[in-house]
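All remarks here apply to the structure that follows.
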Amino acid sequence: MGFLSRNFSKQNLFAISVLVILVLVLLQMSALSYKVSNFSEKNSSMIKEIGMVREANMAFGNDMNEMRKRLLLPEKNYFNVEQEPSSGETDTNTDKLQLQMFKYVDFLGQSAKKVETVKTYEDMLSKLSLSETIKTFLTENSLSQGEFTNTDSISQISYFSGEIEILKYYLDKNEGELVFKSPLERTEKSFANLAEMESFSIDYMQKNKDRIIEKVDSLKAFRKSVSDAFAKNEVVDFMKSKGFSFSEFSDTVSDIFVLNSNGDKLAQITLNDSELSATLLDFSDTKNKIIASDLSVSLLPFLQKLNSLSGILLEVENQKKKISELISDKGFQLSLKENGLKITDTPEEDNIRIYYKIYDSTDAHISSIVIEKTTGVVNIVQPNGTNSENLLYFEPEEKKKTIEIPEDIPDYGEGAVSEEGSFNILIAGKHGNLVDTMIFTHIDEKTKKIKMISIPRDLFYNGRKINAFGYFYGMDELKKVLSDMTGYKLDKYILIDMYAFIDVIDLIGGIDITLEKAVIDPTYRTVDNGVEGTLHYEPGDYHLGGKEALRLARTRHTSSDFARAERQQMILEALQDKAKNFGFGDADTFYKIAKAVLSKTETDVGFDEAIAYYFKYQGFDIVSNNVMSSGNVLYVPPYTTREQCEAKIAAAKASGSAIPNCMNENQAYTLLPRNNNWNIVKWFFRENFEEETA
């Protein structure tokens, strides 16, 4: 007993107990992981069990982190059990060891080839320098050969007409490249043997000697014209008045920089000897770019447009320019109009700020966008100039409308309803690997009415976002999951890639829609008659082709995914109207269109079925469309993105505060049913799909 008391303190006993529990939890998690892997190999009816196991794994992860805290060990992220696929390609190996092995083997192979190539061309150039055939040709044509140079890094030989270099062979031993160079061109060359190299050299000099001499004379004249342009009195005087200077210029320099008095680079002048022209680029305004053949004419006007400001002053000017361009943008003007606001297009200014004042419909000054002259930062301030907030980090607090949900929601049980006289089809859109549009369409054959509900892609169901089920388990499983979740059995599905959607719309001659509200997407830039602008649609009637319809269906900025879903349903309604009035007098025409449409989609609807459905449901009316959202039956669980977490950690370190444990929080935007009650989803579908009685 004394031995135990000496060697096992209470603290040691506690640590041993915790370690035992830790081992047991690890064994349980290992068993669960084994179950997950077994489940995933079985049929799709076990997906729900997999989701339950994933949730159990996450719960164990919480317990594990509690244990690690007690043992003073760093916490781990046990929640991201399986990464969701991106919308791009996923067949990429990300194993660093494997990638490095591939890289190294490739390096060895290329190195061996390089050594062999260098040895071959080094020997060839050496023999070319001694070639009697070449020497005879040079003598007969009053040409000469330069000295053959051979070092550890290069081998080279040149041929001249007087002082003009007609051609040069240059072997870069580090790169393993043989370069052929003349005043007319520069290119990498390869030769099978010395005879081929001799023949090419003689033929090239015979055909191009006169052209090369003429080109060299032109190049000398071009270089002199550049030098003369820099030395013109008006250019020299202007440069002095602005405190500008040119970087060093010589016959071999291709890039000359324009510098301000602080030595900052304002512009670059690149000499293109092969084209006998110069490219002038303004660093502060990339639109101020000129390709000039005569600098004596173009140089001074270009210099006069340069902004001599440096550092923060230049940043302030750039911010002014950006805001000015935005204020004149038609999409931004539409946004102001829709919100009943006005902004001053001519800013006010004091010693520390430049002010763009915002007014409401009564001309009351409600806010200001300001540029801080000392930093170039753009801030939001109150009318009195207080409560400064960086515009880049502004996040609005959104207040959403909600619907009333009964206190006693029935338990609808498992499984899905398959009603006689009704037909349910999932209309889905794909962009990349993931389904990002899901519209559950309910067709009532008795009332001849069609109702639609859009299901958001971020809905979190059975351990993952709903739109990932099609990727991981196939469209049949997505169909089953949506049937179980909504309580209505999906009979068929149709999945269309977003870019094939363009062709489908164009095939039927476009669609007609009416927008009740403006649509504005500041992230989408348009170009009309050479003028850039913001994608925007004013309220009104539109006839849209495929590209325009896709643009409207996918845009969501300044609105939400839910507003986008409403527009997608609007487009489907327009398609239905088109189907009613398409005027298929010729059956062959309709069959061709149906076949073309089906060829651009993934579906479990056969061709004959599609024809039958068309004639059966052609005259039905879309009477309602709805969207599951955080404005009705869903809510957004608290989450912290990785970027936000990293910013919190950096701020804590900078201030010496405790480091937050946000890396183990939910890091993704998701949606769940209110009160985490999935019966609410089934209630919502019944409320929308069941025919109201008078």
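The values are calculated or read from the model by the stated rules, or taken from the named source; none is laboratory data. For clarity, every value in this text was computed on a predicted model and none was experimentally measured. Every residue, glycine among them, receives a Cβ derived from its backbone with ideal geometry; neighbour counts consider all protein chains shown. Protein only, heavy atoms only, side chains kept; ligands, DNA and RNA dropped before computing areas. Shrake-Rupley method; radii C 1.70, N 1.55, O 1.52, S 1.80 Å.
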Over 22 Å (Cα to Cα) among K600/K682; K492/K547; K517/K682; K479/K517; K451/K492; K168/K289 -> K600/K682; K492/K547; K517/K682; K479/K517; K168/K289
Computed over segment 139-242, protein heavy atoms only, probe 1.4 angstrom, the accessible area per residue in square angstrom equals 57
Of every hundred units of 1.4 Å-probe accessible area on segment 287-367, the number belonging to carbon and sulfur atoms, as a percent, is 51
Given 213-224, 256-267, the highest-first ranking by average Cβ count within 10 Å works out to 256-267, 213-224
Computed ³J(HN,Hα) along segment 355-364: with the Karplus parameters 6.51/-1.76/1.60, θ = phi - 60°, integer Hz and x for glycine or proline, the list is 10, 10, 8, 10, 10, 8, 5, 9, 6, 7
If R0 = 60 Å, then R186 and E687, at their Cβ-Cβ distance, give a FRET efficiency to the nearest 0.05 of 0.25
Residue separation between Y669 and K648 times 0.36 nm, minus their alpha-carbon distance, gives in nm 5.8 nm
Going residue by residue through segment 409-421, the Karplus relation 6.51 cos²θ - 1.76 cosθ + 1.60 with θ = phi - 60° gives ³J(HN,Hα) values, rounded to whole Hz and with x marking Gly or Pro, of 7, x, 8, 7, x, 7, x, 10, 7, 10, 8, 6, x
